[in-house]
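Participant: The structure that follows is given in the form of structure tokens.
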């Protein structure tokens, strides 16, 4: 056996290539490190980047290699490395500052800067460089780090435990550290990232970023750096219309590997436009991007962040074909007392342009996937394979967070934290409700908060208490029992009501978002006639007591129901409900108000008084179907998750009331079909819309709760946008028509015009306009038109909007008013578990 092994080794030995390592530093002549300098094998695109301290390592096969180190603004330096075997060779690069030469040109009065001629040629070749890449594949290494130079003691009253964050006593330290290795494929509009290895500091199961910071392509007219930092995107300095947005200044040229490189200063023509500032380097004759160092700030409509800097280096792959080699993103933000900054350095190796990519790579709509052991690689793997060495702070962070993790995963520690959270806290009860969990979080209980409808006032019940209890029982990691109990007592009408529901849910462990649930509910409770009413108990309490206006109109209901819902995790879901109800009229029992002039009205909605509302039973079958196509998926090591889709959401609702079952007299067929979507128009802003049609196929007996009700509103606070009518009188447009149409349309300019107005652009306020329209026929319609200002607030806390709304209807009744878009409960941290629920 041993002889065979020796023979096999002897046969393979000539074909085995021993690999060595070249390591060292990249510094300037003053000894200052050049962070993330590029080190690569000359004549190839294979290489690495230095770390933040200028330290680098580069794996080299046996033989002689010319290795180049370069850094923007410095002259590249070449070192000839000879690798004799599995050895480590050390070489420290010292780079000299780049000496720029000025072109010879004739100076004339009012002459155009030479940069413009260069930029025009780059713009002319932009489309060529963009479209020449039909397919692209590359190996990728990413290292991302976010740290803070300052940490607050408290946020909204909550004490910040610095040890939990991993920062020192001065509040400085690393908040997030991650490394990833991946293979990236792109062809046409399809992308696929296969993540080979990932490591997150402090989380052995961490999955990093399934979509690594993208290749920011400046050959596109509109550049998207990170999602969420500016929905409009940013205008490339060589975009088709770049000369309308930028000024340019020629800084000089230098020669490198036979190429003439021009350095151009990029200057925005106007503030508060989505424009870059900085430098771009253009290769003459090819008129391709050689490198760039650009940044944006909040004066360029940057959202969420204070600044973002982008560095890129491109290398020639072949004639006329330049590919990205390194990319570094530097985000920074100051928020809630934190001073956060960091970097995401991405190294691209073994790039292949227009090479064959198997169709199987893009099958099954998978945009990102992880190898089965991607997050199981140990530290020795990363020591051997990471191209960018760790610095001392990063080594320390990995070690410290691993030890802290052991503490936090200790069952005794977890149980002590559970007991701590179980302790009663008056402020929590006031704002968020009281929560309690059993050992191992097998059972969890939560109540509603005192400010979330626990104590209310209305003219039917008077002062009323409405405690609610939620319960979750974890059978295992994929099966749950959930329950909800609501009790209600009115001191004026002395009615006690209670209702409860229990559901069993089964989740697919292999496909997040795929589940089914079956439930039962029953009891007796108070409901509004309009189950999508914008009037909440808290608002009605305020308007009744302070303004003398009782907008909430109620009835009592006894019901029992069976429910089933199913989500397929691919954009398609449906639910069915079988419900038997007994509807009981209730009347006002109290007229107390603090208002000097009472405007209290009967409990039956005034527009519906002539409909003969009375006690009756209803047997109901309801079906809801929702579908949003266009989903792609991320395949994690143990499960699959749907990514967001840019396609519209289609929804169909159908309800059948069956007469003759028990004492049911309700008899109708009601339907509604809607399409809704958000469309990003880049520089032009965005459009959100919902188009709906519906009606009654049969309306033999329709009770007040079953009519088609608008999501109407008469409060100063705006009702939910794209779903509601901001000035519509309550119940005026409730109907049983055979067919109606509904349109909600909003156009967000996202700074398109306000960036031209000094005060508005500095405040970063955005215009919004649109309409809400309800139409049955020429004799029955209601229309609202509105215009307003959005994005009011400070830094990332911009949740305020103000609109002026004007409305008219078929009776030529015209009204107008102001609506303030603000959820005060969310703004001050009040928990609202009932949002969207009927009870």
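Participant: Quick one: is residue 61 at pLDDT below 95, in contact with a strand residue (DSSP E or B) (Cβ under 6 Å, 6 or more places away or on another chain), under 30 Å from residue 208 (Cβ atoms) and outside the structural domain of residue 266 (by TED's automatic domain parsing)?
Facilitator: yes
Participant: Here's a follow-up. Based on what the data block shows, is residue 26 under 25 Å from residue 293 (Cβ atoms), in a strand (DSSP E or B) and at pLDDT 95 or above?
Facilitator: So residue 26 fits the description; yes.
Participant: Go through region 696-715 and report how many residues are assigned to a strand (DSSP E or B) and either touching a helix residue (DSSP H, G or I) at 6+ places or on another chain (Cβ under 7 Å) or closer than 19 Å to residue 783 by Cβ (or both).
Facilitator: 1
Per-residue answers, yes or no, for (1) in contact with a helix residue (DSSP H, G or I) (Cβ under 7 Å, 6 or more places away or on another chain); (2) assigned by TED's automatic domain parsing to the domain that holds residue 550; (3) under 22 Å from residue 585 (Cα atoms); (4) at pLDDT below 95:
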| residue | (1), (2), (3), (4) |
| --- | --- |
| 459 | yes, yes, yes, no |
| 472 | no, yes, no, no |
| 478 | no, yes, no, no |
| 487 | no, yes, yes, no |
| 492 | no, yes, yes, no |
| 495 | no, yes, yes, no |
| 503 | no, yes, no, no |
| 511 | no, yes, no, no |
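Participant: Looking only at region 43-68, count every residue that is over 23 Å from residue 390 (Cα atoms), without any contact (Cβ under 8 Å) to a residue 40 or more places away in the chain and outside any strand (DSSP E or B) and tell me the total.
Facilitator: Total meeting the criteria: 2.
Participant: Being assigned by TED's automatic domain parsing to the domain that holds residue 364, within 26 Å of the chain's Cα centre (by Cα) and surrounded by 20 or more Cβ atoms within 10 Å (Cβ to Cβ) is true for just one of 167, 198, 266. Which residue is that?
Facilitator: 198
Participant: How many of the residues making up region 444-474 are assigned to a loop (DSSP other than H, G, I, E, B), within 15 Å of residue 489 (Cα to Cα) and touching a strand residue (DSSP E or B) at 6+ places or on another chain (Cβ under 6 Å)?
Facilitator: 4
Participant: Being without any contact (Cβ under 8 Å) to a residue 40 or more places away in the chain and within 33 Å of the chain's Cα centre (by Cα) is the requirement here; does residue 424 meet it?
Facilitator: Judged against the criteria, residue 424 is not a match.
Participant: Identify, by number, the condition in (1) over 24 Å from the mean Cα position of the chain (by Cα); (2) outside any loop (DSSP other than H, G, I, E, B); (3) closer than 30 Å to residue 358 by Cα that residue 184 doesn't meet.
Facilitator: Going through the list (1) over 24 Å from the mean Cα position of the chain (by Cα); (2) outside any loop (DSSP other than H, G, I, E, B); (3) closer than 30 Å to residue 358 by Cα, residue 184 breaks only (1).
One line per residue, one yes/no per condition, for (1) in the same structural domain as residue 196 (by TED's automatic domain parsing); (2) more than 26 Å from residue 540 (Cβ to Cβ); (3) at pLDDT 95 or above; (4) out of contact with any strand residue (DSSP E or B) (no Cβ under 6 Å at 6 or more places or on another chain):
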position	(1), (2), (3), (4)
582	no, no, yes, no
594	no, no, yes, yes
624	no, yes, yes, no
660	no, yes, yes, yes
676	no, yes, yes, no
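Participant: When you go through 318, 334, 325 one by one, which is the residue that is within 29 Å of residue 43 (Cα to Cα), assigned by TED's automatic domain parsing to the domain that holds residue 152 and at pLDDT below 95?
Facilitator: Answer to the selection: 318.
Participant: When you look at residue 397, is it surrounded by 19 or more Cβ atoms within 10 Å (Cβ to Cβ) and at pLDDT below 95, yes or no?
Facilitator: Judged against the criteria, residue 397 is a match.
Participant: Against the condition within 35 Å of the chain's Cα centre (by Cα) and either under 19 Å from residue 768 (Cβ atoms) or not assigned by TED's automatic domain parsing to the domain that holds residue 623 (or both), how does residue 686 come out, does it pass?
Facilitator: yes
Participant: Run down 806, 733 and say which single residue is surrounded by 14 or more Cβ atoms within 10 Å (Cβ to Cβ), in the same structural domain as residue 537 (by TED's automatic domain parsing), at pLDDT 95 or above and part of a loop (DSSP other than H, G, I, E, B).
Facilitator: Answer to the check: 733.
Participant: Looking at the structure I just gave you, is residue 392 modelled with pLDDT of 90 or more, over 19 Å from residue 349 (Cβ atoms), in contact with a helix residue (DSSP H, G or I) (Cβ under 8 Å, 6 or more places away or on another chain) and surrounded by fewer than 15 Cβ atoms within 10 Å (Cβ to Cβ)?
Facilitator: No: the conditions fail for residue 392.
Participant: If we scan region 530-544, do we find a residue that is without any contact (Cβ under 8 Å) to a residue 60 or more places away in the chain and under 35 Å from the mean Cα position of the chain (by Cα)?
Facilitator: Within region 530-544, one or more residues are without any contact (Cβ under 8 Å) to a residue 60 or more places away in the chain and under 35 Å from the mean Cα position of the chain (by Cα).
Participant: Further question on the same structure: Among the helices (runs of 4 or more DSSP H) lying completely within region 378-443, list those that include at least 3 residues that are over 30 Å from residue 177 (Cβ atoms) and not assigned by TED's automatic domain parsing to the domain that holds residue 201.
Facilitator: The qualifying helices (runs of 4 or more DSSP H) are 426-431.
Participant: Considering only region 77-92, how many residues are outside any loop (DSSP other than H, G, I, E, B) and either under 19 Å from residue 37 (Cβ atoms) or without any contact (Cβ under 8 Å) to a residue 12 or more places away in the chain (or both)?
Facilitator: 7
Participant: Only one residue in 641, 576 is within 21 Å of the chain's Cα centre (by Cα) and either surrounded by fewer than 18 Cβ atoms within 10 Å (Cβ to Cβ) or assigned to a strand (DSSP E or B) (or both). Which one?
Facilitator: Residue meeting the stated conditions: 641.
Participant: Also, quick follow-up: Can you tell me which residue is modelled with the lowest pLDDT among those in region 195-224 that are part of a strand (DSSP E or B) and over 19 Å from residue 245 (Cα atoms)?
Facilitator: 203
Participant: Return yes when residue 741 is closer than 24 Å to residue 611 by Cα and either touching a strand residue (DSSP E or B) at 6+ places or on another chain (Cβ under 8 Å) or in a strand (DSSP E or B) (or both) and no when it is not.
Facilitator: Yes: the conditions hold for residue 741.
Participant: Which residue out of 727, 760 is touching a residue at least 60 places away in the same chain (Cβ under 8 Å), buried (at least 16 other Cβ atoms within 10 Å of the Cβ), not assigned by TED's automatic domain parsing to the domain that holds residue 304 and not in a strand (DSSP E or B)?
Facilitator: Just one listed residue meets the conditions, 727.
Participant: Could you please let me know if residue 458 is free of Cβ contacts under 8 Å to residues at least 60 places away in the same chain, crowded, with 18+ Cβ neighbours inside 10 Å and farther than 26 Å from residue 440 by Cα?
Facilitator: Considered against the rule, which asks whether it is free of Cβ contacts under 8 Å to residues at least 60 places away in the same chain, crowded, with 18+ Cβ neighbours inside 10 Å and farther than 26 Å from residue 440 by Cα, residue 458 comes out as no.
The values are calculated or read from the model by the stated rules, or taken from the named source; none is laboratory data. Everything numeric in this text was worked out from a predicted model, so none of it was measured. Note that we place each Cβ from the backbone using ideal geometry, even for glycine, and neighbour counts take in every protein chain shown.
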